[in-house]
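Presented below is the structure to which this report refers.
The values are calculated or read from the model by the stated rules, or taken from the named source; none is laboratory data. Since the structure is predicted, the reported quantities are computational estimates derived from the model, not experimental observations. Ideal geometry is used to build each Cβ from the backbone, glycine not excepted, and the neighbour counts take in all protein chains shown. For accessibility, only protein heavy atoms count, side chains too; no ligands or nucleic acids. Shrake-Rupley method; radii C 1.70, N 1.55, O 1.52, S 1.80 Å.
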Amino acid sequence: MPSYKTPPLKRHPSLQPLSRDHYVGLVQGRRLIKSGDADPTERRAAVAAFVDAWHTDIAQHFADEERLLAPLASPEDRQRLDAEHAHLRELAAEAKQRRRLIDPGEAWVVSLGQTLTDHIRWEERTFFPALESAAGSQLEALRGEADRLEASRPRGRDANQTR
């Protein structure tokens, strides 16, 4: 049986905390997509979990990317990053309202999950590699900020408490 294991990506140290943040979004995206085939209660729970993740993780992640990485990006990548973040912010605001509905809507929930997942995949497969290629020395200057980001995340605080 062939192995389809993909080796882990090696990211510039300044991008690693932001890349690790993507796990939260991917988990939320997958749950939203899967809830499309579930009952309305599961869809509502998936939307509520996304809203919670938005407030605790994703919104700050977007702000950090815009503050640190957008200035280093090509005009095209910056435009796409800004547009997709703005669209996902609109969807998050809508999710806050839809989580109160008996059924937030199968197609809408799946679309939200797919939009979030597609955005993260673009960042990991296209945006981050482009930054690593074109802005290596500028990324190096962000290492201290990357360390602060990592320490500010729950995974960073937990790791520091066990040392």
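Being among the polar types (S, T, N, Q) and touching a residue at least 60 places away in the same chain (Cβ under 8 Å) is the filter here; which residues of the stretch 57-86 pass it?
Ser74 - this is the single residue of the stretch 57-86 that is among the polar types (S, T, N, Q) and touching a residue at least 60 places away in the same chain (Cβ under 8 Å).
Residues Arg20, Arg99, Arg44: which one is touching a residue at least 12 places away in the same chain (Cβ under 8 Å), in contact with a helix residue (DSSP H, G or I) (Cβ under 9 Å, 6 or more places away or on another chain), open to solvent by 60 Å² or more (accessible area, probe 1.4 Å) and within 24 Å of Arg143 (Cβ to Cβ)?
Values: Arg99 fails: within 24 Å of Arg143 (Cβ to Cβ); Arg44 fails: within 24 Å of Arg143 (Cβ to Cβ).
The conditions single out Arg20.
Which of the residues belonging to the stretch 151-163 are in a helix (DSSP H, G or I) and at pLDDT below 90? Can you show your working first?
In the first step, residues of the stretch 151-163 are kept if they are in a helix (DSSP H, G or I); the result is 151-152, 154-161.
Listed by number, the residues that qualify are Ser152, Pro154, Arg155, Gly156, Arg157, Asp158, Ala159, Asn160, Gln161.
What number goes with the only condition from (1) at pLDDT 95 or above; (2) within 23 Å of Leu81 (Cα to Cα); (3) of a type outside the set (A, V, I, L, M, F, W, C); (4) open to solvent by 40 Å² or more (accessible area, probe 1.4 Å) that Glu124 does not pass?
(4)
Which of the numbered conditions does Trp108 fail, given that it passes all the others? Conditions: (1) surrounded by 19 or more Cβ atoms within 10 Å (Cβ to Cβ); (2) touching a residue at least 24 places away in the same chain (Cβ under 8 Å).
Failing condition for Trp108: (2).
Here are Arg143, Arg67: which of them is within 20 Å of Lys10 (Cβ to Cβ) and open to solvent by 40 Å² or more (accessible area, probe 1.4 Å)?
Matching residue, one of Arg143, Arg67: Arg143.
Quick check: anything in the stretch 53-60 over 30 Å from Gly144 (Cβ atoms), open to solvent by less than 80 Å² (accessible area, probe 1.4 Å), of a type in the set (Phe, Trp, Tyr) and assigned to a helix (DSSP H, G or I)? Walk me through how you get there before you give the answer.
Narrowing the stretch 53-60 to residues over 30 Å from Gly144 (Cβ atoms): none.
Looking for residues that are over 30 Å from Gly144 (Cβ atoms), open to solvent by less than 80 Å² (accessible area, probe 1.4 Å), of a type in the set (Phe, Trp, Tyr) and assigned to a helix (DSSP H, G or I), one finds none in the stretch 53-60, hence no.
Ser133: open to solvent by 80 Å² or more (accessible area, probe 1.4 Å), modelled with pLDDT under 90, in a helix (DSSP H, G or I) and hydroxyl-bearing (Ser, Thr, Tyr), yes or no?
Here the answer is no, as Ser133 does not meet what is asked.
Open to solvent by 20 Å² or more (accessible area, probe 1.4 Å) and of a type in the set (Ser, Thr, Tyr): does that describe Ser74? Break it down into steps so the answer makes sense when it comes.
Working: open to solvent by 20 Å² or more (accessible area, probe 1.4 Å): yes; of a type in the set (Ser, Thr, Tyr): yes.
Answer is yes for this residue.
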